[in-house]
């Protein structure tokens, strides 16, 4: 999986209709990635550093912006170290240097965050932004296994495991649940697929533009209207250009 495969144009959920571009792949075998052992061997250190940060900075965690995916928005919390190439929470980056040191050794990594799913909660089924990435979950605190706590991609269910990676196609339909009495904590990170490495910056820019559009649409309801393509396209383009300008003016903050 570390080597480029037959290249096709990336899928973007905000451009392509779902019914014509549904991906077939769901999960990927972690053994096929050269950096899996690096993450899993350093799990104890990462878990200790992240847990220490959470215990000290609980208020830094914020509900995930796509509130429609949760019955209770506060049930899914996240904090980003890097988000699609851009450095985010400075305090988290400074207090988790060993974690970021490990992650920085992964070629083409563009995002890394802490993701928390509170007890008795569920993330509704949804499609991710693009298939140009491998989305990865490293289990840090996993309170239970299937069927009580798990993750579905397509029609395949898998449990998280402490110290193990789940790698999957974020563009496919997926959902998550934690019916246990304790919170689930994972380290989430995104790696650009090798065949798209030369397009890494523009892929990140497109996703930034789409995320900004989604946030605005949370207040307007426009994102629910998939037929409003022209308005959505113009807004995404405007925000993509804005992000590119920001990136080139502030290169030191970028993880690209």
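Across the stretch 186-215, the qualifying residues are those that are in contact with a helix residue (DSSP H, G or I) (Cβ under 7 Å, 6 or more places away or on another chain) and modelled with pLDDT of 90 or more, and the one among them that is nearest to residue 52 (Cα to Cα) is 187. Among residues that are within 29 Å of residue 156 (Cβ to Cβ), out of contact with any strand residue (DSSP E or B) (no Cβ under 7 Å at 6 or more places or on another chain) and without any contact (Cβ under 8 Å) to a residue 40 or more places away in the chain, residue 66 is not included. All of (1) touching a helix residue (DSSP H, G or I) at 6+ places or on another chain (Cβ under 8 Å); (2) farther than 17 Å from residue 191 by Cα; (3) modelled with pLDDT of 95 or more hold for residue 119 with one exception: (1). Filtering the stretch 186-213 to residues that are in contact with a strand residue (DSSP E or B) (Cβ under 7 Å, 6 or more places away or on another chain), surrounded by fewer than 20 Cβ atoms within 10 Å (Cβ to Cβ) and part of a helix (DSSP H, G or I) leaves only 200. Of the residues that make up the stretch 177-185, is at least one touching a strand residue (DSSP E or B) at 6+ places or on another chain (Cβ under 9 Å) and surrounded by fewer than 16 Cβ atoms within 10 Å (Cβ to Cβ)? Yes - at least one qualifying residue is present in the stretch 177-185. Taking the stretch 154-167 as the range and being surrounded by fewer than 22 Cβ atoms within 10 Å (Cβ to Cβ), at pLDDT 95 or above and under 20 Å from residue 36 (Cβ atoms) as the test, the residues that pass are 158, 159, 161, 162, 163, 164, 166, 167. Can you tell me which residue in the stretch 68-86 is farthest from residue 43 (Cα to Cα), limited to those that are surrounded by fewer than 19 Cβ atoms within 10 Å (Cβ to Cβ) and under 15 Å from the mean Cα position of the chain (by Cα)? Applying the filter and picking the extreme gives 69. Of all the criteria given as (1) touching a residue at least 24 places away in the same chain (Cβ under 8 Å); (2) in contact with a strand residue (DSSP E or B) (Cβ under 6 Å, 6 or more places away or on another chain); (3) over 28 Å from residue 124 (Cβ atoms), the one not satisfied by residue 93 is (1).
Residue 81 passes every criterion in (1) under 21 Å from residue 171 (Cα atoms); (2) assigned to a strand (DSSP E or B); (3) touching a helix residue (DSSP H, G or I) at 6+ places or on another chain (Cβ under 7 Å) apart from (1). For the stretch 51-67, does any single residue satisfy the condition of being over 22 Å from residue 182 (Cβ atoms), modelled with pLDDT under 95 and not in a helix (DSSP H, G or I)? Yes, some residue in the stretch 51-67 is over 22 Å from residue 182 (Cβ atoms), modelled with pLDDT under 95 and not in a helix (DSSP H, G or I).
Scanning the stretch 154-163 for residues that are assigned to a loop (DSSP other than H, G, I, E, B) and either over 17 Å from residue 185 (Cα atoms) or not assigned by TED's automatic domain parsing to the domain that holds residue 187 (or both) returns 154, 155.
The values are calculated or read from the model by the stated rules, or taken from the named source; none is laboratory data. Everything numeric in this text was worked out from a predicted model, so none of it was measured. Don't worry about glycine lacking a Cβ; one is built from the backbone with ideal geometry, like all the others, and counts go over all protein chains shown.
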